[in-house]
Amino acid sequence: MKVKNLKLENFRNISNLKLYFDDEINVICGENAQGKTNIIEALWLFSGAKSFRNSKDYDYIKFGEKSAKISVEYEMLGVENSASIKFSDKKTAFLNEKKQPNTSSLAGKYNAIVFSPLDLNLVTDGPDKRRRFLDIAIGQLYPNYIEILRNYSRAVMQRNKIIKDYRYDKTISIMLDVFEAEIVDMGNKIVNYRKKYIEILNKYVSKIYEGISSGKEKIEIFYISKNEDLNLENIKISRENDMFTQTTSIGPHRDDISFKINDINVRSFGSQGQKRSVALSLKLAGAEVIKEVSGEYPICLLDDVMSELDENRQNYILNHIRNWQSFITCCDTSNIKNLKSGKVIKIKGGEII
């Protein structure tokens, strides 16, 4: 996949900007708060996923303006495409000039991976961060997964509301049956998707991590489910305790993934370098899975991550993504001194200099 150009209108600190890109390496250079990450964020939003910065829709609109718009032209599987997203009182997405039901409809029609400094904490952070990693990756490959996840989350939310109100109105317990059936149905589908994804991911992550560690270490990923059997009987058994805690205690929203290097748990006993290498391997392996399923590599977005890595890991990234289109932000060009080709874009105050 190749992005040809990107146009930004009143997007964050950028008033009006159109960028044309190299087919391989694009370095976006500038001081902090000048607009580098805004460009990376715009490129990511066309994947159909939420912002990696946890932004709200109104955050995208330039101060003092009423709306913002981002547009992109790209090639995927040899076909030219265009997409745009407009932010105002509501968010509207278009693909090849056809209005989409929502931005998540773009998933699978535009593929990207993003790696930011926060992703280096993927191993050490809580399980919600790792579940989000899985859900975003799977959603790009299988867009119907997004709807399954949405239905599941809605069912859990409704069940939580009912068990909170149960002490005031016991007649509403009949509604628990409805939402618990949906939790079981959607939840098992989610778990199956996640396990299938990890099975494919393991094939690539082991090779990548072996390369980063110079063949000294081997990694394996495991899906951890607190309740191996998600069924109606188990969820009904959990009702009494859940009414006390006022939350749903079983289901894939409680699951996690773990990493072992040479059979040792990385989160508990791994070094800082190992944890960062695992996070890096996961992202790069995710791109390989997209390549296997879709037929071509996604674009690679690296936001201010090079300065956080030592020279060996920097070189590994640059060598590994050589055949993909990539976008790298940096303040100091010394972090990419090993680049031999590509395009450098310098930005200041939201404008190209």
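Each reported figure results from applying straightforward, stated rules to the coordinates on display, with no laboratory input. Worth saying up front: this structure is predicted, and the values here are computed from it rather than measured. A quick note on method: Cβ atoms are made from the backbone with ideal geometry, for glycine too, and the neighbour counts reach across all protein chains shown.
Quick notes on this one:
- Where GluC sites (Glu not before Pro) fall in DSSP loop in region 10-48, at most 13 other Cβ within 10 Å: Glu31
- Stretchable slack from Glu80 to Asn192, in nm (0.36 nm times residue separation minus alpha-carbon distance): 37.0 nm
- Segment Leu95-Glu233, length gained on full extension (0.36 nm per residue, minus Cα span): 45.3 nm
- For the chain, the relative contact order comes to 27 percent (Cα pairs under 8 Å, sequence separation of at least 6).
- Region 34-79: chymotrypsin sites (Phe, Trp or Tyr not before Pro) falling in loop per DSSP and having at most 12 other Cβ within 10 Å: Phe63
- Point-to-point label distance, Phe269-Ile224, nm (Cα→Cβ direction, 7 Å offset): 1.4 nm
- At an R0 of 41 angstrom, the distance between the Cβ atoms of Glu292 and Val178 translates into a FRET efficiency of 0.60.
- For region 223-264 versus region 6-83, the gap between their alpha-carbon centres in whole angstrom: 38 Å
- Packing-based exposure ordering (other Cβ within 10 Å, fewest first) of Leu230, Leu282: Leu230, Leu282
- Chymotrypsin sites (Phe, Trp or Tyr not before Pro) restricted to DSSP loop in region 146-175 with at most 13 other C-beta within 10 Å: Tyr168
- In a reduced charge model with +1 at each Lys and Arg Cβ and -1 at each Asp and Glu Cβ, region 112-296 shows a dipole moment near 420 debye about its Cα centre.
- Electrostatic dipole magnitude of the chain [Cβ: Lys, Arg +1; Asp, Glu -1; Cα centre; debye, to 20]: 480 debye
- Estimated Rh, the chain: Kirkwood, alpha-carbon pairs, angstrom: 21.8 Å
- Paramagnetic reach from Ile353 in region 10-43 [backbone N under 15 Å; point 7 Å along Cα→Cβ]: 28-36
- Available extension along the chain between Arg132 and Asn202 is 23.4 nm, counting 0.36 nm per residue and deducting the alpha carbon span.
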